[in-house]
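**Student:** Below you'll find the structure I mean.
The values are calculated or read from the model by the stated rules, or taken from the named source; none is laboratory data. Since this is a predicted model, take the numbers as computed values, not measurements. When we count neighbours, we look across all protein chains shown, and the Cβ atoms used for this are built from the backbone with ideal geometry, even at glycine. When the accessible area is computed, the model is the full protein with side chains, heavy atoms only, and any ligands, DNA or RNA have been set aside. Shrake-Rupley method; radii C 1.70, N 1.55, O 1.52, S 1.80 Å.
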Amino acid sequence: MKQHSGKVSDDCSEIMTRTRQAGQPSAALVRPGELKFSARDVFHCELRQRVDFYFSSTGLRPRDCPQMYLKTVIVVGWCVASYVPLAFVAGPWWFALPLAISLGLSMAAIGFNVMHDGGHRAYSAYGWINRLMAMSLDLLGGSSYVWARKHNSIHHSYANIAGHDDDIDLGLLARLAPDQRRLKIHRLQQYYLWVLYGLMPLKWLMYDDFRDVLRGRIGGHRLARPKGWDLLIFAGGKVMFLSLAFGIPLLFHSVAAVLLLYLVASFVQGVTLGVVFQLAHCVEEAGFPLPGKDTGRVETTWAAHQIETTVDFARRSRVLSWLIGGLNFQIEHHLFPQICHIHYPAVSRLVEDTCREFGLRYAAHETFLSGVASHFRWLRRMGMSGA
Ligand SMILES: [Zn+2]
């Protein structure tokens, strides 16, 4: 997939010029219902130009934002401050339990804020800084190598397309998209899936990564088996994670205590990650388009597809935006994955205005809870027979 940096490219300028010369309506004149395929291309070009202008007029940099470096110190410090007393200090359950919960939340925060931006090359203009930030996932037990393929290229290209987007495939226990097979158990999925989200990291770190690498594919998509440095980082990351999660704590605590507290931290991390990602794509307002049967192609442009399949939430909550790495602005993230999330609130105003002018629907939940309620209703609907 072509990566979009927010910088207007030559081909985009060309499209704009040709469109205007051909007498097609400019952005401001396109009315809802008049969209054509080419007009949607113009939408993307127009939007990229506006975002480009935002950066050139304000003098802000799309990456290497000082706030991000400060944020990284804070969330990594939070994680270390939760882990060290938990691993090295023996204490009663009321001392350990809050620390395990805090550790789970801090691991999710590193994932949202540091690793995700690094993995998308949105953290810095320097490749090695992005790589370093992305590798925080290896320390947390996941594989930055597998994630780059699974998330960056598959999820971001095929968001919400059943059979392609691995993020909406939770196996037999969940039906998240209309084109997935419904089983009787799905009638209750709106109740039990929250627990399953909590168990996802365990499956991801201990099973999925190894399965994907051994098979050399993720779902129906090929995954080149890691070699050289990639293989070393994959294996080294797993060893370091297992040492941090189990090896070191077992020197100071009983097996039962280590396993129980690991499960608590992992569960909290999983529920947090699961809910944030599901609120962006698995709610009533999100579309689940399919490729045309004859053409095998999705009949929209890439940008229109991202907007159709993604929903923002709680955009006015600065605290939530800070904690979850701007992932409540998922539309902006999907359109501009290589722009640092610090800029999403400003970019969202440009995206929403441009969508309105082009007659594209821009979906956002006002609050976090309204997003949660919509996710609950979507799960209930997908679990009903005949839905
Ligand atoms: Zn992403």
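**Student:** Given the conditions (1) modelled with pLDDT of 95 or more; (2) open to solvent by 10 Å² or more (accessible area, probe 1.4 Å); (3) under 30 Å from Ala257 (Cα atoms), which single one is not true for Ala108?
**Tutor:** (2)
**Student:** Can you find a residue that is among the polar types (S, T, N, Q), open to solvent by less than 10 Å² (accessible area, probe 1.4 Å) and closer than 30 Å to Leu205 by Cα anywhere in the stretch 308-324?
**Tutor:** Checked against the condition, which is being among the polar types (S, T, N, Q), open to solvent by less than 10 Å² (accessible area, probe 1.4 Å) and closer than 30 Å to Leu205 by Cα, the stretch 308-324 yields at least one hit.
**Student:** Still on this structure: Spot the failing condition for His365; the list is (1) of a type outside the set (D, E, K, R); (2) modelled with pLDDT of 95 or more; (3) over 16 Å from the mean Cα position of the chain (by Cα); (4) within 16 Å of the ligand (Cβ to nearest atom), and only one is missed.
**Tutor:** (4)
**Student:** Identify all residues within the stretch 174-207 that are assigned to a helix (DSSP H, G or I) and open to solvent by 70 Å² or more (accessible area, probe 1.4 Å); write none if there are none.
**Tutor:** Within the stretch 174-207, Lys184, Ile185, Arg187, Leu188, Tyr191, Val195, Leu199, Lys203, Met206, Tyr207 meet the criteria.
**Student:** Further, regarding this structure: Restricting to the stretch 64-91, name every residue that is crowded, with 18+ Cβ neighbours inside 10 Å and not in a helix (DSSP H, G or I).
**Tutor:** Of everything in the stretch 64-91, just one residue is crowded, with 18+ Cβ neighbours inside 10 Å and not in a helix (DSSP H, G or I), namely Cys65.
**Student:** What pairs come up if the first residue lies in the stretch 95-124 and is at positive phi, the second is within 11 Å of the ligand (Cβ to nearest atom) and open to solvent by 10 Å² or more (accessible area, probe 1.4 Å), and their beta carbons are under 7 Å apart, counting only those six or more places apart or on different chains?
**Tutor:** Here the result reads Arg121/Gln338, each pair linking the stretch 95-124 to a residue that is within 11 Å of the ligand (Cβ to nearest atom) and open to solvent by 10 Å² or more (accessible area, probe 1.4 Å).
**Student:** I'd like the residue in the stretch 119-151 that is charged (D, E, K, R) and closer than 23 Å to Arg215 by Cβ and, out of all such residues, is nearest to the ligand (Cβ to nearest atom).
**Tutor:** Lys150
**Student:** Okay, moving on. Any residue in the stretch 157-164 that is open to solvent by less than 20 Å² (accessible area, probe 1.4 Å), of a type in the set (Gly, Ala, Ser) and within 16 Å of the ligand (Cβ to nearest atom)?
**Tutor:** Yes, the stretch 157-164 contains a residue that is open to solvent by less than 20 Å² (accessible area, probe 1.4 Å), of a type in the set (Gly, Ala, Ser) and within 16 Å of the ligand (Cβ to nearest atom).
**Student:** Considering only the stretch 217-275, state which residues are outside any helix (DSSP H, G or I) and either surrounded by fewer than 18 Cβ atoms within 10 Å (Cβ to Cβ) or more than 22 Å from the chain's Cα centre (by Cα) (or both).
**Tutor:** Listed by number, the residues that qualify are Arg217, Gly219, Gly220, His221, Arg222, Ala224, Arg225, Pro226, Lys227, His253, Ser254.
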